[in-house]
Structures are given as structure tokens and as C-alpha cells.
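**Student:** First, the structure itself, so that you have it in front of you.
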Amino acid sequence: MQHLKSIERLERGPAPRPRVRFSTALLLETGEAAWAYAMIERAFEDRCAFGPAAAERAGAECPSAWLSRLVRDVASEASTEDLIGRLIVVPTPDAALSDLAAPALCDKIVAGTRLGQQEFCFEVRLSAIAAAPEQAADWIKTARSRGFRVAIDARRAAPCRVAPSTWLMIDSLRVDADTLFTEAAVVEFIEQAVQTGVSVLADRPRWRDGGALALLGVDYGLNPQADA
């Protein structure tokens, strides 16, 4: 029933489509392009949270339908920017993890595009996994069964234990470069990921730190900063 409601909301299109642009993850050692991140102006969680507008949006917005619309927009933009065949990481609303029908809804959307499911990687926030680890693990497993990949965004989140079985379903981990040389807990968290074969990416690293980051298991960077 919830799946049918999501489809109905999708067809109605109650929420404006996010504007999508892409940023490329680079291999820090060579500067070679690796995969792409879909960047949007406002995340699902950034919508109005109070006042009359909040009441109106609360009844209209479904996180699963919002995510499927984003997937549709990403597929459309990827086709025009010649990103076909490259993995694209898509931000995933925390609330979507409570709906196991969300991957199926996205699967239906992807089937009508030029992209394949394996070209989409849903990035879930570490805070959402920490809040409901079993629920998150079930959602990730369901997404992967549909052919999608899954990543973790650990920026602005305290490191926490992630079950080994969950790590094995994760493709990549994004961390804040500013914390890598100042917070031992972040380094230990990265070690958990690296031990299970997860690729680790630093957000806004300095090019000159590439060697030091490689020693920590961080081989990729997003928006690298020029050396001063």
C-alpha cells in the first residue's frame, strides 16, 4: 500500500525537482576521474520545518518519491553531460530508509532511462545508520538486491560502530578532510572501512596531503584544494 501511495505521489509530482549538478571524485595520486557525485541545492532534510509551509509540505512530500524524482533528474542530466557508464552517487533522505519499497520505486524509474541500476550509488548518512542500524542494513540489502550500490556519508557525524555485515555491502565512505589529522576516532573509523574493502574519499582535501592520506587508506578526494 505504501508503495502504491509513493507511485501516486510521484505521478502527481507535488515537490519541485531539485536542480542537479555533478562533481567528480578524483584519485589523489594521479588526478584521474573516478566517479561522480550528484549535487543538489537543497537536501530533503533542508525543507521548511515549521510554519504554514511546513504543514503543506508534510502532507505532500514522501521521501521515497522525492528520491525517485532525484534519480530521474540525475539520469536525465547524466545523459546530457556524457556521464553514461560512470558511477553516480546520489544523496538519500534519512527518512527513505524506513521504506523498503523505495529501491523498487527507483528501480522502476531507472528502467525507463539510458542508465543501469549499477550506475547509481545511494549515499546514506552515518547518523541515519547509527539511529536505526538494523533498519538501515535491511534497506541497504534491499537496494543492493535491485542492483544499486550504496555509500556512507560520515561528514558531520560522530564515528560509530558499523556492523561488519553492513560494511560488506558498502562501496565507498566520504569523510571530512579537516578531521583526518585531528581526530583519532575518525582514523579508527576509516580503518574499519578499509579492512572490508571500502573505498574512502576525503571531502575538500589538500593536494599536498595526498601521500599522508594514502597512508590512512584515503585514496580519493572530492573538491581538492590547491596547495598554498
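**Student:** Starting from residues that are within 12 Å of ARG114 (Cα to Cα) and among the β-branched types (Val, Ile, Thr), keep the ones in segment 72-88 and report whichever is nearest to the chain's Cα centre (by Cα).
**Tutor:** Ranking the qualifying residues of segment 72-88, first place goes to VAL74.
**Student:** Filter segment 123-140 down to residues that are under 12 Å from ALA151 (Cα atoms) and touching a Cys at 6+ places or on another chain (Cβ under 9 Å), then give me how many there are.
**Tutor:** Adding up the residues that qualify gives 2.
**Student:** Inside segment 182-211, can you point out the residues that are in contact with a helix residue (DSSP H, G or I) (Cβ under 7 Å, 6 or more places away or on another chain) and assigned to a helix (DSSP H, G or I)?
**Tutor:** Going through segment 182-211, the residues in contact with a helix residue (DSSP H, G or I) (Cβ under 7 Å, 6 or more places away or on another chain) turn out to be 186-187, 190, 192-193, 196, 198, 200, 202-205.
Hits for segment 182-211 are VAL186, VAL187, ILE190, GLN192, ALA193.
**Student:** Another one. Which of (1) open to solvent by 60 Å² or more (accessible area, probe 1.4 Å); (2) modelled with pLDDT of 95 or more does LEU173 not meet, given it meets every other one?
**Tutor:** (1)
**Student:** Continuing with this model, one more query. Does ALA202 qualify as being closer than 29 Å to LEU83 by Cα and in contact with a Ser or Thr (Cβ under 8 Å, 6 or more places away or on another chain)?
**Tutor:** Values: closer than 29 Å to LEU83 by Cα: yes; in contact with a Ser or Thr (Cβ under 8 Å, 6 or more places away or on another chain): no.
Considered against the rule, which asks whether it is closer than 29 Å to LEU83 by Cα and in contact with a Ser or Thr (Cβ under 8 Å, 6 or more places away or on another chain), ALA202 comes out as no.
**Student:** Of the residues in segment 31-46, how many are open to solvent by 70 Å² or more (accessible area, probe 1.4 Å) and either modelled with pLDDT of 95 or more or not in a helix (DSSP H, G or I) (or both)?
**Tutor:** Of the residues in segment 31-46, 3 are open to solvent by 70 Å² or more (accessible area, probe 1.4 Å) and either modelled with pLDDT of 95 or more or not in a helix (DSSP H, G or I) (or both).
**Student:** Quick check on ALA58: is it of a type in the set (A, V, I, L, M), farther than 20 Å from LEU126 by Cβ and either in a loop (DSSP other than H, G, I, E, B) or modelled with pLDDT under 85 (or both)? Write out each step before concluding.
**Tutor:** Numbers: of a type in the set (A, V, I, L, M): yes; farther than 20 Å from LEU126 by Cβ: yes; either in a loop (DSSP other than H, G, I, E, B) or modelled with pLDDT under 85 (or both): yes.
Criteria met by ALA58.
**Student:** Quick check on this structure: which one of VAL124, VAL187, VAL175 is closer than 19 Å to LEU97 by Cα and among the aliphatic types (A, V, I, L, M)?
**Tutor:** Numbers: VAL187 fails: closer than 19 Å to LEU97 by Cα; VAL175 fails: closer than 19 Å to LEU97 by Cα.
Just one listed residue meets the conditions, VAL124.
**Student:** Looking at (1) within 19 Å of CYS121 (Cα to Cα); (2) touching a residue at least 60 places away in the same chain (Cβ under 8 Å); (3) touching an Asp or Glu at 6+ places or on another chain (Cβ under 9 Å), which is the only condition VAL175 fails?
**Tutor:** (2)
**Student:** To continue, here is another question. Please determine whether any residue of segment 9-21 is part of a strand (DSSP E or B), at pLDDT 55 or above and not aromatic (Phe, Trp, Tyr). Write out each step before concluding.
**Tutor:** Taking segment 9-21 first, the residues part of a strand (DSSP E or B) are 20-21.
Filter again for at pLDDT 55 or above, leaving 20-21.
Now narrow it down to the ones that are not aromatic (Phe, Trp, Tyr): 20-21.
Within segment 9-21, one or more residues are part of a strand (DSSP E or B), at pLDDT 55 or above and not aromatic (Phe, Trp, Tyr).
**Student:** I've got another one for you. Given the condition of a type in the set (Ser, Thr, Tyr), closer than 26 Å to SER98 by Cα and either touching a helix residue (DSSP H, G or I) at 6+ places or on another chain (Cβ under 6 Å) or surrounded by 15 or more Cβ atoms within 10 Å (Cβ to Cβ) (or both), answer yes or no: does some residue in segment 158-168 qualify? Can you show your working first?
**Tutor:** Narrowing segment 158-168 to residues of a type in the set (Ser, Thr, Tyr): 165-166.
Adding the requirement that they be closer than 26 Å to SER98 by Cα leaves 165-166.
Filter again for either touching a helix residue (DSSP H, G or I) at 6+ places or on another chain (Cβ under 6 Å) or surrounded by 15 or more Cβ atoms within 10 Å (Cβ to Cβ) (or both), leaving 166.
Checked segment 158-168: at least one residue is of a type in the set (Ser, Thr, Tyr), closer than 26 Å to SER98 by Cα and either touching a helix residue (DSSP H, G or I) at 6+ places or on another chain (Cβ under 6 Å) or surrounded by 15 or more Cβ atoms within 10 Å (Cβ to Cβ) (or both).
**Student:** Write out, first by first residue and then by second, each pair whose Cβ atoms fall under 6 Å of each other, whose residues are 6+ apart or on separate chains, and whose first residue, in segment 135-161, is over 20 Å from VAL186 (Cβ atoms) and in contact (Cβ under 8 Å) with a residue 24 or more places away in the chain while the second is open to solvent by less than 80 Å² (accessible area, probe 1.4 Å) and among the acidic types (Asp, Glu).
**Tutor:** Partner pairs satisfying both residue conditions: ARG146/ASP107; ARG149/ASP171.
**Student:** Do we find a residue being more than 19 Å from LEU222 (Cβ to Cβ), surrounded by 13 or more Cβ atoms within 10 Å (Cβ to Cβ), in contact with a Cys (Cβ under 7 Å, 6 or more places away or on another chain) and modelled with pLDDT of 85 or more anywhere in segment 68-79?
**Tutor:** The first filter runs over segment 68-79 and keeps only residues more than 19 Å from LEU222 (Cβ to Cβ), leaving 68-69, 71-73, 75-76, 79.
From the residues that got through so far, the ones that are surrounded by 13 or more Cβ atoms within 10 Å (Cβ to Cβ) too are 68-69, 71-73, 75-76, 79.
Checking the rest, the ones that are also in contact with a Cys (Cβ under 7 Å, 6 or more places away or on another chain) come to 68, 71.
With the extra rule that they be modelled with pLDDT of 85 or more, the set shrinks to 68, 71.
Yes: one or more hits.
**Student:** Search segment 94-112 for residues that are more than 13 Å from ARG69 (Cβ to Cβ) and pair each with any residue that is among the acidic types (Asp, Glu) and in a helix (DSSP H, G or I) when their beta-carbon atoms are under 9 Å apart and the residues are at least 6 apart or on different chains.
**Tutor:** ASP94/GLU45; ALA95/GLU45; LEU97/ASP138; LEU100/ASP138
The values are calculated or read from the model by the stated rules, or taken from the named source; none is laboratory data. Please read these numbers as outputs of a predicted model, since none were measured by experiment. FYI the Cβ positions are ideal-geometry reconstructions off the backbone, even for glycines, and counts take in every protein chain you see. Areas reflect the complete protein model, heavy atoms only, side chains present, ligands, DNA and RNA absent. Shrake-Rupley method; radii C 1.70, N 1.55, O 1.52, S 1.80 Å.
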